[in-house]
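Participant: Handing you this structure, nothing more for now.
The values are calculated or read from the model by the stated rules, or taken from the named source; none is laboratory data. This one's a predicted model, so the numbers in the text were calculated from it and none came from an experiment. So basically every Cβ, Gly included, is an ideal-geometry build from the backbone, and we count neighbours across all protein chains shown. With ligands, DNA and RNA removed, areas are computed over all heavy atoms of the protein, side chains included. Shrake-Rupley method; radii C 1.70, N 1.55, O 1.52, S 1.80 Å.
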Amino acid sequence: QVQLVESGGGSVQAGGSLRLSCAASGYSYRRYCMGWFRQAPGKEREGVAAIDSDGRVSYAESVKGRFTISQDNAKNTLYLQMNSLKPEDTAMYYCAASAGIFWRASTVLSGTLGDNYGMNYWGKGTLVTISS
């Protein structure tokens, strides 16, 4: 079945950059939406960025202009390039994907699809820590 494995997390200083990767298996990037989500200690999970099969992207207001989501279908991999990182970006970052229903990226990030953001498959996460 579908499996998602995140990598690329680590510890960097504020203003630095990280690139997260999500290796997917048993999943079609061409049909459904995928996204990045994060959860900081003591806080609710929030949507960060999403991309759908039409190549449309959507971002949380807090990361616009700093983060870029992209995918490489040849490698079955989803990426999140994170620049100008801030301490408030510290969180566990999760890759997720929808199944069965095609969600537009903007809809996933709208917060109208419930606590799971309309996603059916989730990775185990990769930790990102930003220090001042």
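Participant: Name every residue in the stretch 53-83 that is touching a strand residue (DSSP E or B) at 6+ places or on another chain (Cβ under 8 Å) and either under 15 Å from G118 (Cα atoms) or aliphatic (A, V, I, L, M) (or both), in order of residue number.
Facilitator: V57, S58, A60, V63, I69, L78, L80, M82, listed by residue number.
Participant: Do you know which residues across the stretch 45-69 are at pLDDT 95 or above, of a type in the set (S, T, N, Q) and outside any helix (DSSP H, G or I)?
Facilitator: Of everything in the stretch 45-69, those that are at pLDDT 95 or above, of a type in the set (S, T, N, Q) and outside any helix (DSSP H, G or I) turn out to be S58, T68.
Participant: From the residues in the stretch 20-41 that are more than 26 Å from G111 (Cβ to Cβ) and part of a strand (DSSP E or B), which one is modelled with the lowest pLDDT? If you could, list the steps in order and put the result at the bottom.
Facilitator: First, pick out the residues of the stretch 20-41 that are more than 26 Å from G111 (Cβ to Cβ): 23, 25-26.
Adding the requirement that they be part of a strand (DSSP E or B) leaves 23, 25.
Working: A23: 94, S25: 88.
My answer is S25.
Participant: Go through the stretch 4-19 and give me each residue that's of a type in the set (G, A, S), open to solvent by less than 30 Å² (accessible area, probe 1.4 Å) and either outside any strand (DSSP E or B) or under 19 Å from C33 (Cα atoms) (or both).
Facilitator: Within the stretch 4-19, G16 is the sole residue that qualifies.
Participant: Note down all Cβ pairs under 9 Å where the first residue falls in the stretch 19-30 and is of a type in the set (S, T, N, Q), the second is at pLDDT 90 or above and surrounded by fewer than 18 Cβ atoms within 10 Å (Cβ to Cβ), and they're at least six residues apart or on different chains.
Facilitator: So the pair list comes out as S21/V5; S21/S7; S21/G8; S21/T77; S25/Q3; S25/V5.
Participant: Can you tell me how many residues within the stretch 85-100 are open to solvent by 60 Å² or more (accessible area, probe 1.4 Å) and either of a type in the set (G, A, S) or assigned to a helix (DSSP H, G or I) (or both)?
Facilitator: 2
Participant: Just checking, which of L127, L109 is modelled with pLDDT of 95 or more and of a type in the set (A, V, I, L, M, F, W, C)? Even if it seems obvious, please write down each step before you answer.
Facilitator: On the way: L109 fails: modelled with pLDDT of 95 or more.
Among L127, L109, only L127 is modelled with pLDDT of 95 or more and of a type in the set (A, V, I, L, M, F, W, C).
Participant: For the subset of the stretch 108-120 comprising residues that are of a type outside the set (G, A, S) and out of contact with any Ser or Thr (no Cβ under 8 Å at 6 or more places or on another chain), which member is least open to solvent (accessible area, probe 1.4 Å)?
Facilitator: This residue is Y117.
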